[in-house]
Amino acid sequence: MDPFLDEPQSEEGGFDPRALIRMFLRRKWLFIIPFILCFSMAILVIKIMTPIYFSAGQVQIVMRDTETRLLNDASQQYGRYEREIDQKARQEIDLLLTSPDFLENVVRDLQLHVDPTWVGPPPPGQNMSESMALGRATKKLKDRLRLEPDGSRLFLIGIRDTNPQRAHNLAVYVVDKFVEEFRANQVAFRTSTRDFLQGQLEEYRSELEDAENELSTFLANMASETLVNLSINAGNLSVAEENLALLSSRYNGQDLTEVSRLEQQTKPLVGASFNLNRYVTDASVSAIAKEMGDLAFDQLMMSPDAIGFRDMQTRLGLLRVRLNSKIEQLTAADFPHLSFMDRNQVSQYIYLSVFRNSSRSVIDKMNRQIAEFRSFATRQPAQSARLSELQSDVERSRNLVQTIEGEVTQQTMNLEASMSEIGFQVKIRKKVAFPLYPIEPNKLKLLMMGFVLSVGLGGGLVVLAIFMDRTFTAVDDIEKALGLTVIGTLPVIVDDHFERTKKRRILRWVTIIVGIIAVSAVGFLVIYPRLS
């Protein structure tokens, strides 16, 4: 049969699907052979590949917020959003799991470096030293260790191994060891911080004691009884005068107006025989008022941003509440016939009067000390300057000691919180389960990969052959290409040229098959294990 008449062309122009099918069927072996080879390679890999088991436990990141300001807020370090927390937590977990010390400790604890099935044979002609065995065992453990996210604040820590029992035992030990080491690191960090601060506190306490002794010696040498009890110095003089001016303004202004108003409203209720000194001289009231006066005097020498100012203000508030409660009790005992509203008005008048007496004593004491210090500074400027320097040293050392004492207290509380259920914690949420089935080879994944690769290679070769084919397949193609009329055809003659062409064709097929096998081997034996 004339080969040029095998594929008659359709008289209609445009896309001819039947012609495309015929071209594909002529080159069907270019598709069938790669498909069979690739798919066979996938099946072969499934049969010969060593099964790998994966045993893992699930750990959970727990962050419990606390409303107290004394404890560190974990969100300052790990963020407030789930994504930030997961990223930061995974970095810390991975750093600990892959640290050389952690891996080496696991190897030594489980004696993996003396297990020939784990370490492998020694190099030819050499003995396996302990350092070499440790290095091999540690590297192998690191390669088989896996950390995978398993949800929000959840992570899987596991081991891949060909032996399911060994994978399970290693995973159990690694997960327990990790949680223990993670907690120990948190406690160790805070313990070292607290110990360092404790050491610094002892040094600053010693410096404060030296400064106080030097100040006491200087005052003793001066033999000035006035300056021994003097709290005013050059460092706090300006603050004391400013606070004294505010206190005096309030005493002579708002407080005076209020007590006058209450006095006018109270006199008709208590009568002319009412004696205010009975409350002022009461032992309990005078004791509270004296304590309030001492605190108020100390507060006058402090700026609002000074260390301890807020604590002193809180203590003053509590003392005022105590004073008011005590006066209410005395008023209720002295005036049982008055109504609740009237007794409350009387007690407010008494309370404000007692409070003003305390403020008056504070103002007088402060004015007296300021005048004495200025007089001393005018009479003895050199000694005054030295006294101010010593008092500044004492104040600075005292502030440092108070600051570090607060830090030590906070670090101690954070240390105890780290060992409790507060703040940032890592817990085992799901214990390590024994692997019942291997995760590799993944038969479905391998078969799908082989199918896709087979179809891709075979289809690609067919398309490539069609595009590179420059031969004529019909008489019409010759007449259209040459513009001549074909009057006859000759049969194929088998000669030396035909034999050489045949050999080249066979060589081309062999090359294609070798290439297909190479591509399949790379895909299934190199790329697939890395994807897994």
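The values are calculated or read from the model by the stated rules, or taken from the named source; none is laboratory data. Given the structure is predicted, the values throughout are model-derived calculations rather than measurements. No Cβ is skipped: glycine too gets one built from the backbone with ideal geometry, and neighbour counts run over all protein chains shown. Remember, those area values only see protein heavy atoms, side chains included, never the ligands or the DNA or RNA. Shrake-Rupley method; radii C 1.70, N 1.55, O 1.52, S 1.80 Å.
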Task: Checklist (1) out of contact with any Lys or Arg (no Cβ under 9 Å at 6 or more places or on another chain); (2) more than 30 Å from ARG183 (Cα to Cα) applied to GLU92, failing item - done: (2)
Task: Among the residues listed as GLN402, GLN391, GLN369, GLN345, the single one being more than 55 Å from the chain's Cα centre (by Cα) and not charged (D, E, K, R) - done: GLN345
Open item on the list: Going residue by residue through segment 350-358, is there one that turns out to be farther than 30 Å from ASP210 by Cα, open to solvent by 20 Å² or more (accessible area, probe 1.4 Å) and free of Cβ contacts under 8 Å to residues at least 12 places away in the same chain?
Closed with: no
- [ ] For residues that are under 14 Å from SER358 (Cβ atoms) and either open to solvent by 80 Å² or more (accessible area, probe 1.4 Å) or not acidic (Asp, Glu) (or both), tally how many sit in segment 249-261.
- [x] 3
Task: Matching residues in segment 41-55 - criterion: being open to solvent by less than 50 Å² (accessible area, probe 1.4 Å) and either free of Cβ contacts under 8 Å to residues at least 24 places away in the same chain or in contact with a helix residue (DSSP H, G or I) (Cβ under 6 Å, 6 or more places away or on another chain) (or both) - done: MET41, ALA42, VAL45, ILE46, TYR53, SER55
- [ ] Count, please, the residues in segment 275-309 that happen to be crowded, with 17+ Cβ neighbours inside 10 Å and assigned to a loop (DSSP other than H, G, I, E, B).
- [x] 2
Open item on the list: Would you confirm, using the coordinates I've provided, whether GLN264 is assigned to a helix (DSSP H, G or I) and either open to solvent by 60 Å² or more (accessible area, probe 1.4 Å) or of a type in the set (A, V, I, L, M) (or both)?
Closed with: yes
Open item on the list: farther than 30 Å from THR266 by Cα and of a type in the set (Ser, Thr, Tyr): which single residue out of SER358, SER353, SER388 fits that description?
Closed with: SER388
- [ ] Report yes if ALA371 is of a type in the set (Gly, Ala, Ser), out of contact with any Cys (no Cβ under 9 Å at 6 or more places or on another chain) and farther than 27 Å from LEU276 by Cα, otherwise no.
- [x] yes
Open item on the list: Looking only at residues that are open to solvent by less than 30 Å² (accessible area, probe 1.4 Å), among the aliphatic types (A, V, I, L, M) and assigned to a loop (DSSP other than H, G, I, E, B) in segment 209-241, which one is modelled with the highest pLDDT?
Closed with: ILE232
Task: Hits in segment 93-106 - residues which are free of Cβ contacts under 8 Å to residues at least 60 places away in the same chain, surrounded by fewer than 19 Cβ atoms within 10 Å (Cβ to Cβ) and part of a helix (DSSP H, G or I) - done: ASP94, LEU95, PRO100, ASP101, GLU104
Task: Answer residue from segment 107-124, given it is surrounded by 15 or more Cβ atoms within 10 Å (Cβ to Cβ) and not β-branched (Val, Ile, Thr) and is nearest to the chain's Cα centre (by Cα) among those - done: LEU110
Open item on the list: Being open to solvent by less than 40 Å² (accessible area, probe 1.4 Å) and in contact (Cβ under 8 Å) with a residue 60 or more places away in the chain is the filter here; which residues of segment 132-155 pass it?
Closed with: LEU154, PHE155
TODO: Specify the residue that is most open to solvent (accessible area, probe 1.4 Å); the eligible residues are those in segment 8-22 that are modelled with pLDDT under 75 and aliphatic (A, V, I, L, M).
DONE: LEU20
Task: The lone exception for LEU323 - which of (1) more than 22 Å from PHE274 (Cβ to Cβ); (2) touching a residue at least 12 places away in the same chain (Cβ under 8 Å) it fails - done: (1)
Task: Those residues of segment 121-157 which are more than 18 Å from ILE93 (Cβ to Cβ) and assigned to a loop (DSSP other than H, G, I, E, B), in sequence order - done: PRO121, PRO122, PRO123, PRO124, GLY125, GLN126, ASN127, MET128, SER129
TODO: Please work out which residue is farthest from ILE43 (Cα to Cα), limiting yourself to segment 395-433 and to residues that are open to solvent by 90 Å² or more (accessible area, probe 1.4 Å) and at pLDDT 80 or above.
DONE: ARG396
